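Trainee: My questions will all concern the structure given below.
The values are calculated or read from the model by the stated rules, or taken from the named source; none is laboratory data. Predicted model, so just to flag it, every value in this text is computed and none were measured. Note that we place each Cβ from the backbone using ideal geometry, even for glycine, and neighbour counts take in every protein chain shown. All accessible areas refer to the heavy atoms of the entire protein, side chains included, with ligands and DNA or RNA removed. Shrake-Rupley method; radii C 1.70, N 1.55, O 1.52, S 1.80 Å.
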There are 2 protein chains.
Amino acid sequence: MTSENSVGIVTPQRFRSEAPLTLKSGAVLPGFELVYETYGTLNAARSNAVLVCHALSGSHHVAGTYADNPNNLGWWDNLVGPGKPLDTQKFFVIGVNNLGGCYGSTGPLSTNPETGKRYGADFPLVTVEDWVAAQARLADALGIDTWAAVLGGSLGGMQALEWSLQFPDRIRHVVAIASAPKLSAQNIAFNEVARQAILSDPDFHGGHYAEHGVVPKRGLRLARMIGHITYLSDDQMDEKFGRRLRHDEHRFSYDVDFEVESYLRYQGDKFAGFFDANTYLATTKALDYFDPAFAYDGDLAGALARAKAEFFIASFSTDWRFSPARSREIVFALLKNRRRVAYAEIDCDAGHDSFLLDDAHYHAVLRAYLENIAV
Amino acid sequence: MTSENSVGIVTPQRFRSEAPLTLKSGAVLPGFELVYETYGTLNAARSNAVLVCHALSGSHHVAGTYADNPNNLGWWDNLVGPGKPLDTQKFFVIGVNNLGGCYGSTGPLSTNPETGKRYGADFPLVTVEDWVAAQARLADALGIDTWAAVLGGSLGGMQALEWSLQFPDRIRHVVAIASAPKLSAQNIAFNEVARQAILSDPDFHGGHYAEHGVVPKRGLRLARMIGHITYLSDDQMDEKFGRRLRHDEHRFSYDVDFEVESYLRYQGDKFAGFFDANTYLATTKALDYFDPAFAYDGDLAGALARAKAEFFIASFSTDWRFSPARSREIVFALLKNRRRVAYAEIDCDAGHDSFLLDDAHYHAVLRAYLENIAV
């Protein structure tokens, strides 16, 4: 359903890069395709382009709907559109499915040209750096020399940050929301349990489940359930579900007793029905590996010294996956480098998922920042 | 290995209750057995008995070692012994494996007298209330009319609390550490994911895995990995593991990259090798169900009004599973009832697991409280 200030019906497009891409792992992709969408119009000066990067389970479908599926609203539709905080009357906005994704870009679901079979587990692990390198080729093809801004939440924010490091002259503003400069041990631990759930599912078959005509749904389901716990705040879970029972009394069985159990099972089942397990595994590794300070003996300020962009960093008070303290690490490292940085710590009870919601205060500060970007 | 102030070599004992036990679920157990250990000596007045209740994966083996396995140290050996905070020169201490456990008490591993086969999934779900009812029969058999104290951490603390409600005249002191008056939605959510990991393991066979000659190790392993994340604090995980790599560089595979992954896999594998899946499942349900305020429309003070004991409540600053706020709920409800309650909020970086450690400040305040108990 499109609303008054929606970008309306959109159509995904496809970009093919014929040149081989050497990945951070050393593996080489012999060309690749990226699926993307655009909203708004590139101006004559080509100065109003904004890239929106997706997080773990997101896609290129950032805003609007599809003609053949009007209920499929883009994941950041509340933010992107005419008159919305990321205003498509001003900006030319691009959403792209990352390399290794499962929404149409080259990834584990694609055919391996060397074997004529689906890549599956043979698709090489890609990193945040690789995603940005692939996105840069799309920018080249679209004639976008410099992004007015690169925006993202969570893992998307890491890509925005990486843009400022890999291509300091091609990005004017980094907007990184609910993000972190690297995962903590606890973050990695949650990812590892999710991975083990998938890897140990008997239907995983070493990642070549397609050849066996199955999908490791049990593992994907558990992975998503674990994820969901970390996306919500403790307080919000209590508000949303508390100890509310599905039935009037305890069942003394392993059926659903509490509403929160029903919610998690539903989210897990839904996700396992459409998301690719190899993409999920690989994306958690991209998260784990991202650490621009690694080559600087852990000195984030040293790592960020080469960035030239201006920054908008935002975090949410109840986000315990990427807490405000993690965003402040980025802010402090930028200040050490005397970079221009705006920081908003937003009081919102929705935990990590807040970045996807249209909290009034959050959208107001983001709107204000984006309005001030010259195009 | 026994140290100077160890209770030394101990021998588990077995208590059999022939009378049927009606459980909270309505199911009836036709008699049952409990395995227990004792340390110290019951005094002539029978006034120095202390019950130690175990948490999710604990057992009756609280202190000391076994003659045939000198490395098997009791789980709270640092607390219980001659001259230790719970001094066995003063107290007669009892550890008991709860009903439904897998360390020798009647439970899913026992033979169902009605079928002559192992109970497995047919063992009825037991609650904290049922555990306390069974413990009371053991107390009767030992001639213990009144406990000087009932002690426990986490789920063990819930049992101590329940003693004061079910048998207000049979307990003089409740010592509940790192506990909560009920689980939060997030607590239940973590339990539910652990349960789903086990229930969806193809080797679970509806809980009758023994008949199939298998064990749902994959599920148990995941359940334990999830648990371990919640037992440690974020800070402690960062101190203990940080982003330390197992090898010098990223492996670009799903082998172990980070030490924290290795730790979790090890803990999961170890646990899956000895713990019973049906006991694990049932124990998480006992945790979920415990909620003394449920029958009082959520009014905890109303629920605790019938308690007559004195209370010592302790929590740990970095425990995010059962945070200090959860302990304070108990304290406030007791104060509303004008009950005597001492509360210690201990600054310790080890998260929920702090209750098992011998943090000097923690042990000092606990010692002081226990020293003041008249026997």
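Trainee: For the stretch B:276-284, what does the Karplus curve 6.51 cos²θ - 1.76 cosθ + 1.60, with θ = phi - 60°, yield as ³J(HN,Hα) per residue in whole Hz, taken in order and with x for Gly and Pro?
Mentor: 7, 5, 5, 5, 4, 4, 5, 5, 5
Trainee: Rounded to a whole number, what % of the accessible area of the stretch B:202-309 do carbon and sulfur atoms account for, probe 1.4 Å? Before the final figure, lay out the partial values.
Mentor: On the way: 2020 of 4290 Å².
Its accessible area is 47 percent carbon and sulfur atoms.
Trainee: Could you work out how much longer the chain between B:Gln89 and B:Ser262 gets when fully extended? Use 0.36 nm per residue separation minus the Cα distance between them, nm to one decimal.
Mentor: Numbers: separation 173, 0.36 × 173 = 62.28 nm, distance 4.16 nm.
Extra length from B:Gln89 to B:Ser262 when fully extended: 58.1 nm.
Trainee: If you bin the C-alpha pair distances of the stretch A:6-69 every 10 Å from 0, what whole percents do you get?
Mentor: With 10 Å bins starting at 0, P(r) equals 17, 36, 35, 12, 0.
Trainee: Continuing with the same structure: If each Cα of the stretch A:187-284 is one equal point scatterer, what is log10 of I(q)/I(0) from the Debye formula at q = 0.17, 0.21, 0.22 Å⁻¹?
Mentor: -0.79, -1.02, -1.07
Trainee: For the rotation bringing A onto B, which A residue has its Cβ nearest the axis, and at how many Å?
Mentor: Closest Cβ to the A-to-B rotation axis, residue and whole-Å distance: A:Pro202, 3.
Trainee: Taking each pair of distinct Cα atoms in the stretch B:137-241 once, what is the resulting Kirkwood hydrodynamic radius in Å? Each step should come with its number before you reach the end.
Mentor: Values: mean 1/r = 0.0598 Å⁻¹.
Answer for the stretch B:137-241: a Kirkwood hydrodynamic radius of 16.7 Å.
Trainee: What order do you get for A:13-22, B:154-163 when each peptide is scored by the mean count of other beta carbon atoms within 10 Å, highest first? Let's see the in-between values first.
Mentor: Working: A:13-22: 13.2, B:154-163: 28.4.
Top to bottom by mean Cβ count within 10 Å: B:154-163, A:13-22.
Trainee: Would you mind listing the distances between the B:His208 label point and the same position in each other copy? Use 7 Å along Cα-to-C-beta, nm, one decimal, shortest first.
Mentor: 3.6
Trainee: Right, here's the next one. Find the relative contact order for the stretch B:187-284 and round it to a whole percent, using C-alpha pairs within less than 8 Å whose residues are 6+ positions apart.
Mentor: Values: 98 pairs, mean separation 30.7, N = 98.
With pairs under 8 Å counted, the relative contact order is 31 percent.
Trainee: Here's another thing I want to ask about it. So how much slack lies between B:Val214 and B:Asn337, counting 0.36 nm per residue of separation and subtracting their Cα-Cα distance, in nm?
Mentor: Values: separation 123, 0.36 × 123 = 44.28 nm, distance 5.12 nm.
In short, 39.2 nm is gained.
Trainee: Any lysines with Cα under 30 Å of the A:Lys285 Cα? List them, leaving off those in the same chain fewer than 8 positions away.
Mentor: Result set, ordered by chain and number: A:Lys24, A:Lys117, A:Lys182, A:Lys217, A:Lys270, A:Lys308, A:Lys336, B:Lys217, B:Lys240, B:Lys270.
Trainee: Quick check on the protein assembly as shown: of the DSSP beta bridges with both residues there, what percent are antiparallel, nearest 5%? Display every interim value, and only then the final one.
Mentor: Working: 28 of 82 bridges.
DSSP beta bridges in the protein assembly as shown are roughly 35 percent antiparallel.
Trainee: Find how many whole Å separate the alpha carbon centroid of the stretch B:1-50 from the alpha carbon centroid of the stretch A:87-152.
Mentor: With the stretch A:87-152 and the stretch B:1-50 each reduced to a Cα centre, they are spaced 63 Å.
Trainee: Give the A-B buried accessible area in Å², both sides summed, 1.4 Å probe, nearest 100.
Mentor: 4900
Trainee: Could you run the Karplus curve 6.51 cos²θ - 1.76 cosθ + 1.60 with θ = phi - 60° over the stretch A:62-74 and give me ³J(HN,Hα) per residue in whole Hz, x for Gly and Pro?
Mentor: After applying 6.51 cos²θ - 1.76 cosθ + 1.60, I find 7, 9, x, 9, 10, 4, 8, 8, x, 8, 8, 7, x Hz.
Trainee: Take the alpha carbon gyration tensor of chain A, find the square roots of its eigenvalues, order them as a ≥ b ≥ c, and report rounded if a/c is under 1.5; if not, report prolate when a/b exceeds b/c, else oblate. Numbers along the way, then the final one.
Mentor: On the way: a/c = 1.40, a/b = 1.17, b/c = 1.20.
Rounded is the answer for chain A, as its axis ratio a/c remains below 1.5.
Trainee: Roll a 1.4 Å probe over the protein heavy atoms and report the accessible area of A:Tyr39 in Å², nearest 10.
Mentor: 0
Trainee: Taking each residue of A:21-27 in turn, how many C-beta atoms of other protein chains fall within 10 Å of its C-beta, and what is the average? Could you put the intermediate results ahead of the total?
Mentor: On the way: counts 0, 0, 1, 2, 4, 1, 1.
Mean partner-chain Cβ count within 10 Å for A:21-27: 1.
Trainee: A:Asp248 to A:Arg367: FRET efficiency via 1/(1 + (r/R0)^6), r the Cβ-Cβ distance, R0 51 Å, to the nearest 0.05?
Mentor: Working: r = 46 Å, r/R0 = 0.90.
Using R0 = 51 Å, I get an efficiency of 0.65.
Trainee: Give the Cα extents of the stretch B:38-158 along the principal axes, in whole Å, largest first.
Mentor: The principal-axis extents, from largest down, are 47, 34, 26 Å.
Trainee: Another question, if that's okay. Search the structure for amide H atoms under 5 Å from the amide H of A:Ile346, placed 1.01 Å from N in the peptide plane, and list their residues when 5 or more places away or on another chain.
Mentor: Answer set, sorted by chain and number: A:Ser315, A:Phe316, A:Ser317.
Trainee: Can you work out the accessible area per residue across chain B, with the rest of the protein chains kept in place, probe 1.4 Å, in square angstrom? Mind dumping the intermediate values first?
Mentor: Working: 13730 Å² over 375 residues.
Dividing the accessible area of chain B by its residue count gives 37 Å².
Trainee: With the cut-off at 1.5 for a/c, could you classify the stretch A:40-108 from its C-alpha gyration tensor as rounded, prolate or oblate?
Mentor: Working: a/c = 2.11, a/b = 1.39, b/c = 1.52.
Since a/c reaches 1.5 but b/c is at least a/b, the shape of the stretch A:40-108 is classed as oblate.
Trainee: Sequence-distant or interchain residues sharing an amide H contact under 5 Å with B:Gly100, placed H: which?
Mentor: B:Thr106, B:Gly107
Trainee: What is chain A's relative contact order, in percent, from Cα pairs under 8 angstrom and six or more apart in sequence?
Mentor: On the way: 777 pairs, mean separation 62.5, N = 375.
About 17 percent, as a whole number.
Trainee: Still on this structure: Quick one: compute a quarter of the convex hull surface over the Cα atoms of the stretch A:238-375 and quote it in nm².
Mentor: Details: hull surface 50.0 nm².
Projected over every direction and averaged, the Cα hull of the stretch A:238-375 covers 12.5 nm².
Trainee: Suppose every Lys and Arg Cβ carries +1 and every Asp and Glu Cβ carries -1, with no other charges. What dipole size does the protein assembly as shown come out with about its Cα centre, to the nearest 20 debye?
Mentor: Working: 70 positive and 90 negative charges, 44 e Å.
Around 200 debye, computed over the protein assembly as shown.
Trainee: Might you report the magnitude of the Cβ-based charge dipole of the stretch B:187-284 about its Cα centre, with Lys and Arg at +1 and Asp and Glu at -1, to the nearest 20 debye? Display every interim value, and only then the final one.
Mentor: Numbers: 12 positive and 16 negative charges, 41 e Å.
Using Cβ point charges on Lys, Arg, Asp and Glu, the stretch B:187-284 gives about 200 debye.
Trainee: Provide the FRET efficiency to the nearest 0.05 for the B:Lys270-A:Glu4 pair, computing r from the beta carbons and using R0 = 56 Å. Present the calculation step by step, with values, prior to reporting the outcome.
Mentor: Numbers: r = 59 Å, r/R0 = 1.05.
Computed FRET efficiency for B:Lys270 and A:Glu4: 0.45.
Trainee: To continue, here is another question. Kindly state, as a whole number, the per residue volume in cubic angstrom of the convex hull around the alpha carbon atoms of the protein assembly as shown. Intermediate values should be presented prior to the final figure.
Mentor: Working: hull volume 130.0 nm³, N = 750.
Cα-based convex hull of the protein assembly as shown, divided per residue, equals 173 Å³.
Trainee: Can you give the average number of partner chain beta-carbon atoms within 10 Å of each beta-carbon in peptide B:235-241, as a whole number? Could the numbers behind the result be given before it?
Mentor: On the way: counts 3, 2, 6, 3, 1, 1, 5.
Mean inter-chain Cβ contacts per residue within 10 Å come to 3.
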